[in-house]
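*Asks:* Below is a structure I'd like to ask you about.
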């Protein structure tokens, strides 16, 4: 299947949903569902189609925009499809189909995400990042009723713009130095640029992606955005949005930055470690359950950045594996805590007493996800942390590795606080009890996904796939050869 | 890996779990709780027979988790302390394993590269309660349900020691010093406690010191002696914790100052207590006595260690004398209310099983050791035992159960308070000032560019 369809399908949804609203209001719901299924299936088919390179319009790669499917793209396309589908289902249950504007933004961000993942062109990457970000700012502030959400969206906007600015400067310098924007060609010619230019280009791109992914000190927007957004959006932000920026970081790090020897990877290790420590320490002090989860996301972003900083195929494997694990567990955590916070009409952890009696299955799922994120053996979070530890040990990155294992103890400590509250006594009965069949089903599926991911190192094809992602991604020459063939 | 050590420990796990599971059968809150001891047994078996350190760590963590749920059923704060300490130990071990696995296969359970030895010792030290890392042990042992205390003290800490046994292949003076400190610390603290189970916990610390010192010799003889003491201590301490638990069950208190003449109400319980105590105190011809003799023989070249261990042995005896005196024989008025509650038959059965195992182990040990070894130090050992009892009787003021003793665990709360200062600084950084955020970010950008300079 032509990779461009994975971008076109959600775009089609985004552009036709308003038309449905104008002409056939009753069909909006059906259209949203059908387009959701269509978008997910197209992306999965593209992913299943195996490696492919398409240059748009039949031009040469120097001029046309290349879309590249390789193992890393495949992995992240699958991740994005799973995440977007889960979030869409939860959103349909939470919001209904009335707010069509939300779905327009939702599908726009989906299309842009697939675009970022598929594109082989640096400027095109920037464009998709902008579409993605603009949609994200608005989705975070949706519905625009609470001032916290609007403030969070505004903060995200400012930070996102600064990040985009740095990305743009980096890309502009790269273009000025080489006259090229295709990533495969850039990978060949960029090392010939003057050393100082190269440093600035790489510095700007790295810093821009730090903001987009929520790496310290570009993380300030993240806790606000995650905690103020509606539950399905928080899940999407944490599960997919930050991962997309990490995808870009992986791709650029090994394709373009690899030429700048170890300095880039040292920077990644350094900032990853700082991010990890800060995320855990801040999560430790939160009273708001969604802010706790948000800071935990910061810490997990740090973990993945450390994995990229290991600069080896093992490191990339660990990063991708951990990205999947974090997606499954953190989306689950956000969905569960959203439901529980709604029941209590409060996000304050101290108010969350007695919820185990109220919704035992949701709370048990929360425990599973939390144990998985914390890295309690033998769950999936533990497995990916082990992959990461081995990669870090081989790189000789002792301090990051120690920070990762210390994070286990800290995360156990802060996740036990809401869990203790859930199992504790309640002063009053939870005031609300709206049934959440769809969210419940998604949480169950995510829990199942966690268990499957825990077994991934023992399932031949999955293990082989994960290892292949690492091997192929690190081998930049292979990518270049395939695009320029 | 199968050798005498793993075979013995595998068997010991089963011998420990069955009575513990029976003891807790009636008290269990739900069926899931009845499952916990068996889960523990399963994980313990996997850990003991693990082919490499990674598998060992995973199952060690899982066994700790099952015990965490056990403790959780009775005291939440203690359970969390236990969980954090065990996770911290697991984290060190995991890091060490990853470093040892660098560029090759997973490291087999055994010696590790010299540079990683300290990391492994620290990791296992959390489990085996090496001095300083033992902060979790007294509260956990005293506040857990009795059957969990029996498993913790009898087996869980021994899994850490098992790791040390595999790890240490050459004499390690540092570890020996740690063992001596543990033995002395436990023996000093135990007789001063007023909580019966806390007293037993410190006695466990002291006995672990004997075992660790013996393992630290790095010789085959030392490991064998340690193994014998592990068995002796596990059975005796398992029985002691169950008797202490029964006292609590009957009188609703573990406070030695409040317990009354239990020997009159439950003569059989006192008999069981005596069986375990005498073995633990090292009465000649019991498995405890033989094991201590073997440990001292293994430490023949270390006169100072031997001397400290002998003194520590006297401390153990005094502690047990104190428990006997105040827990069972005190003539003072019992300050609890009502008559003692009858004990369930399963509790009697489980304690009888332990006692039977202890007696059988004594016979087996006697038979293997032979008459010559068994009678070698009878006089000295008996004198030490009697001396300790005389000291206890002559110095009643020291042992009065109305004082509390300081320990490392007391430092946890102030340390926690100290940590909140930098943490709140960190929180104040996230004040919501956008200008400050952006300034910080641009500063970091300069740092990145500086680090990337050609």
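*Asks:* From the list B:35, B:42, exactly one residue is free of Cβ contacts under 8 Å to residues at least 60 places away in the same chain and either assigned to a loop (DSSP other than H, G, I, E, B) or more than 22 Å from the chain's Cα centre (by Cα) (or both). Which is it?
*Replies:* Going through B:35, B:42 in turn, the sole match is B:35.
*Asks:* Only one of these is modelled with pLDDT of 90 or more and crowded, with 24+ Cβ neighbours inside 10 Å: B:174, B:213. Name it.
*Replies:* B:213
*Asks:* Within segment B:137-150, is even one residue farther than 30 Å from residue B:252 by Cβ and crowded, with 21+ Cβ neighbours inside 10 Å?
*Replies:* For segment B:137-150, residues farther than 30 Å from residue B:252 by Cβ and crowded, with 21+ Cβ neighbours inside 10 Å: absent.
*Asks:* A follow-up question, please. Quick test for you: out of B:59, B:69, B:80, pick the one residue that is at pLDDT 90 or above, buried (at least 22 other Cβ atoms within 10 Å of the Cβ) and either part of a helix (DSSP H, G or I) or at the interface with chain A (Cβ under 7 Å from one of its Cβ atoms) (or both).
*Replies:* Only one candidate passes the filter, namely B:59.
*Asks:* List the number of the failed condition for residue A:311; all other conditions in (1) away from chain B (no Cβ under 13 Å); (2) under 30 Å from residue A:184 (Cβ atoms); (3) part of a helix (DSSP H, G or I) hold.
*Replies:* The one condition residue A:311 does not meet is (3).
*Asks:* Which members of segment A:374-388 meet the condition of being at the interface with chain B (Cβ under 8 Å from one of its Cβ atoms) and outside any helix (DSSP H, G or I)?
*Replies:* A:376, A:377, A:378, listed by residue number.
*Asks:* I've got another one for you. Can you tell me which residues in segment B:401-435 are without any contact (Cβ under 8 Å) to a residue 24 or more places away in the chain and either surrounded by 14 or more Cβ atoms within 10 Å (Cβ to Cβ) or facing chain A (nearest Cβ under 9 Å) (or both)?
*Replies:* Listed by number, the residues that qualify are B:420, B:422, B:423, B:424, B:426, B:427, B:429, B:430, B:432, B:434.
*Asks:* Kindly list the number of the only condition in (1) in contact with a strand residue (DSSP E or B) (Cβ under 7 Å, 6 or more places away or on another chain); (2) away from chain B (no Cβ under 14 Å) that fails for residue A:227.
*Replies:* (2)
*Asks:* Tell me which of these residue A:218 doesn't satisfy, since it passes every other one: (1) part of a helix (DSSP H, G or I); (2) within 22 Å of residue B:450 (Cα to Cα); (3) within 14 Å of another protein chain (Cβ to nearest Cβ).
*Replies:* Evaluating residue A:218 over (1) part of a helix (DSSP H, G or I); (2) within 22 Å of residue B:450 (Cα to Cα); (3) within 14 Å of another protein chain (Cβ to nearest Cβ) leaves (1) as the failure.
*Asks:* Which residue out of B:227, B:247, B:242 is within 20 Å of the chain's Cα centre (by Cα), assigned to a helix (DSSP H, G or I), under 23 Å from residue B:22 (Cα atoms) and in contact (Cβ under 8 Å) with a residue 12 or more places away in the chain?
*Replies:* B:242
Here is a yes/no grid of residues against (1) under 22 Å from residue A:28 (Cα atoms); (2) part of a helix (DSSP H, G or I):
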position: A:45; (1), (2): no, yes
position: A:53; (1), (2): no, no
position: A:68; (1), (2): no, no
position: A:76; (1), (2): no, yes
position: A:81; (1), (2): yes, yes
position: A:85; (1), (2): yes, yes
position: A:101; (1), (2): yes, yes
position: A:105; (1), (2): yes, yes
position: A:114; (1), (2): no, yes
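*Asks:* With the checklist (1) away from every other protein chain (no Cβ under 14 Å); (2) at pLDDT 95 or above in hand, flag the one item residue A:275 doesn't pass.
*Replies:* (1)
*Asks:* Another question about this same structure. For residues in segment A:417-455 being without any contact (Cβ under 8 Å) to a residue 24 or more places away in the chain and under 30 Å from residue B:75 (Cβ atoms), which is nearest to the other protein chains (Cβ to nearest Cβ)?
*Replies:* Ranking the candidates gives A:420 first.
*Asks:* Quick test of your reading of the structure: residue A:331 fulfils all but one of (1) touching a residue at least 40 places away in the same chain (Cβ under 8 Å); (2) out of contact with any helix residue (DSSP H, G or I) (no Cβ under 6 Å at 6 or more places or on another chain); (3) in a helix (DSSP H, G or I). Name the failing condition by number.
*Replies:* (2)
*Asks:* Given (1) surrounded by fewer than 24 Cβ atoms within 10 Å (Cβ to Cβ); (2) touching a helix residue (DSSP H, G or I) at 6+ places or on another chain (Cβ under 6 Å); (3) at pLDDT 90 or above, identify the lone condition not met by residue A:258.
*Replies:* Here residue A:258 meets the rest and fails (3).
*Asks:* Please verify whether residue B:86 is touching a helix residue (DSSP H, G or I) at 6+ places or on another chain (Cβ under 7 Å), more than 9 Å from chain A (Cβ to nearest Cβ) and surrounded by fewer than 18 Cβ atoms within 10 Å (Cβ to Cβ), treating the condition exactly as stated.
*Replies:* no
*Asks:* State whether the residues of segment B:193-206 include one that is touching a residue at least 24 places away in the same chain (Cβ under 8 Å) and at positive phi.
*Replies:* Taking every residue of segment B:193-206 in turn, none turns out to be touching a residue at least 24 places away in the same chain (Cβ under 8 Å) and at positive phi.
*Asks:* Moving on to the next point. For segment B:189-205, enumerate the residues that are surrounded by fewer than 24 Cβ atoms within 10 Å (Cβ to Cβ) and closer than 24 Å to residue B:226 by Cβ.
*Replies:* Residue satisfying the conditions is B:189 alone.
For every residue, the table says whether it meets (1) in contact (Cβ under 8 Å) with a residue 60 or more places away in the chain; (2) touching a strand residue (DSSP E or B) at 6+ places or on another chain (Cβ under 6 Å); (3) surrounded by fewer than 16 Cβ atoms within 10 Å (Cβ to Cβ).
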site	(1), (2), (3)
A:3	yes, yes, no
A:7	yes, no, no
A:75	yes, no, no
A:85	no, no, no
A:102	no, no, no
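*Asks:* From the list B:47, B:13, exactly one residue is in a helix (DSSP H, G or I), under 19 Å from residue B:147 (Cα atoms) and modelled with pLDDT of 90 or more. Which is it?
*Replies:* Of the residues listed, the single one that is in a helix (DSSP H, G or I), under 19 Å from residue B:147 (Cα atoms) and modelled with pLDDT of 90 or more is B:13.
The values are calculated or read from the model by the stated rules, or taken from the named source; none is laboratory data. As the structure is a computational prediction, the values presented were derived from the model and not from experiment. No Cβ is skipped: glycine too gets one built from the backbone with ideal geometry, and neighbour counts run over all protein chains shown.
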